[in-house]
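Values quoted throughout were computed directly from the atomic coordinates according to the rules given, and no laboratory measurement underlies them. A quick note: this is a predicted structure, and the numbers were derived from the prediction, not measured. Don't worry about glycine lacking a Cβ; one is built from the backbone with ideal geometry, like all the others, and counts go over all protein chains shown.
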Amino acid sequence: MRKGFTLTEMMIVIFILPFVFFVLDGLFVTLLREIPRSCRIAEQGSTLLSLLEQMHRDVEQAKSLPAESAGRTTGERLLLVELPEGVIGYQIAEDAVTRTRLTSTQSGGPPEERVWSMPGGKIEWLLWQKDGRRYAVEVRTHLDFKFHGRVEKKMARTYLFYEGVLR
């Protein structure tokens, strides 16, 4: 009985091994790139959904969607919502959205503020109105991610929140 490998067996292994490494390399690169990227997309999507849930609650409870309050005017970067306990402002910054209580029916207390950090997150709103009265907010969102030198839009959605639905 002889031990070891023949020259033919060694040649076959040397010939096939680079192809196996090439396939495995692509698999590892995909795993090392795509898993963290997918986690970032899921994390930012979760943050975006948290913001939208808060906006939905506020608009649903709103007494009105005023054009201006506390010296501020509703626009493409600021949304004002009048709640029974005061006026809330949603302000879009570069990579974040801030919810701030601008006025309050209760006296005292620190100003209430909440910030949703969304690098790559894009949000815009459009107020629906009829006969000069604002009655709904259309919110469009998506996440921008760079992939192989180009920007991809992920989780693009449009939401419509009606003011004072529960009243």
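Here the contact order of the chain, divided by its residue count and restricted to Cα pairs under 8 Å and six or more residues apart, works out to 18 percent. Relative to the compact-globule estimate of 2.2 N^0.38 Å, the Cα radius of gyration of the range 25-106 comes out at 1.56. Taking other residues whose beta carbon is less than 11 angstrom from the beta carbon of GLU113, and scoring Lys, Arg as +1 and Asp, Glu as -1, yields +2.
For the pair GLU113 and ARG133, what calculated FRET efficiency results from E = 1/(1 + (r/R0)^6), where r is the Cβ-Cβ distance and R0 = 30 Å, to the nearest 0.05? Numbers along the way, then the final one.
Details: r = 29 Å, r/R0 = 0.95.
After rounding, the FRET efficiency stands at 0.55.
With the biggest extent put first, the Cα atoms of the chain measure 95, 37, 29 Å across the principal axes. Non-local lysine pairs in the range 7-162, meaning eight or more places apart or on different chains, with alpha-carbon distances under 26 Å, amount to 5.
Principal-axis analysis of the Cα atoms of the chain puts helix 7-61 at an angle of about 10° to the longest axis. Think of the range 7-162 as a dipole: +1 on every Lys or Arg Cβ, -1 on every Asp or Glu Cβ, centred on the Cα centre; then among ALA70, HIS56, THR30, ALA70 lies furthest on the positive end.
Count Lys and Arg as plus one, Asp and Glu as minus one, and take only other residues whose Cβ is under 15 Å from that of LEU17; the net charge is then -2.
Using a Debye calculation, one point per C-alpha and no hydration shell, please list log10 I(q)/I(0) for the range 111-167 at q = 0.20 Å⁻¹ in order. Debye output, listed in q order: -0.87.
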